[in-house]
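S.K.: Structure in C-alpha cells, see below.
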Amino acid sequence: MTVFRTQQAYSRYWEARGQLGAIMACVVDAASLSSIQLGSARDPERRAARQELARLLRMYFREVVRFLRRASRETQRISNYWLPEEAIAAIVKEDTCDAEATEAECALIQATPRPPVLVLQWVRAHLYRVGVERGLLNGATAAERQQLLSLGVERIIAKIQPHFNGAAKIAMTPMPQPYTQVGRWLVFWFVYTVPFALINSFKDVNVVATVPASMLLAFGYYGLEYLGSQLKNPFVAEFGDVQLDGRFLQAVSEDIDTLLVADNWEAVCDLDGAGQLSPAR
C-alpha cells in the first residue's frame, strides 16, 4: 500500500508539471502570435495595445500560480488531518492581489472563486477590442479581423482552459483519506512490531543487529510516506524543485516581455513595410 500510494502521488506530480508546462507554452504562444498580428510596436496605439496584453498575460499566469497554491493548501489541510493550521499557512505566503492589477481589477479578482478564468476573459476582451473594434489586426472589415483573430491567437487561448482545469483538479482533489489513513496505521504497526520478529531472526548472529535493521526499515517506510505526502500536493511541496516557487512565473514573464514589450521585441525583429520579417532598425 505504501509503494502504491507513493506511485500515485508521483503520477499526480508529473501530471501537474505537464499541465503547468502546457499552460506556460500556450501563454507564450499567445504572446508570440499576438506580437505578429498586432504589427509594429513603433505605432503608439499598437505599442499601448501590446503592453496591455503583456500585462494581462503576466497577470493571468500569476493568478494561475496563486490559485493553485491556495487550492493545494486547502487540500493539504483536508488530507493531513493532524497537521497544525499554522504549519499549513506557513507553507506559502503570498500577497492579497497581483501587483500589476488596478484597484478595480483587484476587487473583481478577490470576489471571484477562480480568478484565472476571469483574467483569461479580460485577455480575450482586450484582443477583440483592439484587434477587431479598433482595427489593429489586418482586415478590411470587422468580420475579416474577427476571422483572423479566431483562426490565430484565439485558437491558442482556447487551449489554455482545459490545461488549467487539469492542474486545478490535482490541486483541489485530495488522495482518498480512508485509504491514506489505513496505510499510515499499517506502516506504524509494522515499523514498531517488526523488531520483535527481527530479534528472532538475529538470535544466532547478534541481537544488536536488530537495531540498525529496524532503523533502516523505519527510514525506508517513513521516507516513502513523506515523499508521497509531498508529491501528492506538488504546488506547495516543501522540498526540492517540486514547489511552484516562482521560477516558472519568472520564465513566462520574461518570454512575454521579450515578445510583446516594445524595446525587447524590436531588438529581435520587426515587420517592414512589405510585411516581411527584417532586423530592427
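Just so you know, all these numbers are worked out from the coordinates, no wet-lab data involved. Just so it is clear, the model here is predicted, and its values are computed rather than measured. Methodologically, a virtual Cβ is constructed for each residue, glycine included, from the backbone with ideal geometry; neighbour enumeration extends over all protein chains shown.
S.K.: Suppose the chain between Ala158 and Gln8 were pulled fully straight at 0.36 nm per residue; how much longer would it get relative to their current alpha carbon spacing?
M.R.: Net length gain for the segment: 51.1 nm.
S.K.: If packing is taken as the average number of other Cβ atoms within 10 Å across a peptide's residues, how do 185-191, 144-150 rank, most packed first?
M.R.: Taking the mean over residues of other Cβ atoms within 10 Å, the ranking is 144-150, 185-191.
S.K.: Counting Lys and Arg as +1 and Asp and Glu as -1, what is the net charge of the other residues whose Cβ lies under 15 Å from the Cβ of Arg5? Kindly include the intermediate steps, with their values, before the conclusion.
M.R.: Numbers: positive: Arg12, Arg184, Lys232; negative: Glu225.
With Lys, Arg at +1 and Asp, Glu at -1, the net is +2.
S.K.: Excluding Gly152 itself, what net charge comes from residues whose Cβ is under 11 Å from its Cβ, given Lys and Arg +1 and Asp and Glu -1?
M.R.: It works out to a net charge of 0.
S.K.: Additional query: Quick check: residue separation of Ile199 and Ser150 times 0.36 nm, minus the Cα distance between them. What number comes out in nm? Can you show the working numbers first?
M.R.: Working: separation 49, 0.36 × 49 = 17.64 nm, distance 7.23 nm.
Contour length minus Cα-Cα distance gives 10.4 nm.
S.K.: Same structure again: How many nm is it between the label spots at Tyr222 and Asn206, if each spot is 7 Å from the Cα in line with the beta carbon?
M.R.: Taking the simple label geometry, Tyr222 and Asn206 are separated by 2.4 nm.
S.K.: Of the listed peptides 137-143, 155-161, what is their order by residue-averaged count of other C-beta atoms within 10 Å, with the highest listed first?
M.R.: Highest to lowest by the protection proxy: 155-161, 137-143.
S.K.: Let me ask you something else. Which length gain, in nm to one decimal place, applies between Met215 and Leu186 when the Cα-Cα distance is subtracted from 0.36 nm times their residue separation?
M.R.: Here the segment from Met215 to Leu186 would lengthen by 8.7 nm.
S.K.: Something else: Which order, highest average first, do 101-107, 33-39, 61-67 follow once you tally other Cβ atoms within 10 Å for each residue and take the mean per peptide?
M.R.: 61-67, 33-39, 101-107
S.K.: At 7 Å along Cα-to-Cβ for each site, give me the label-to-label distance between Arg134 and Glu15 in nm.
M.R.: Modelled inter-label distance: 4.2 nm.
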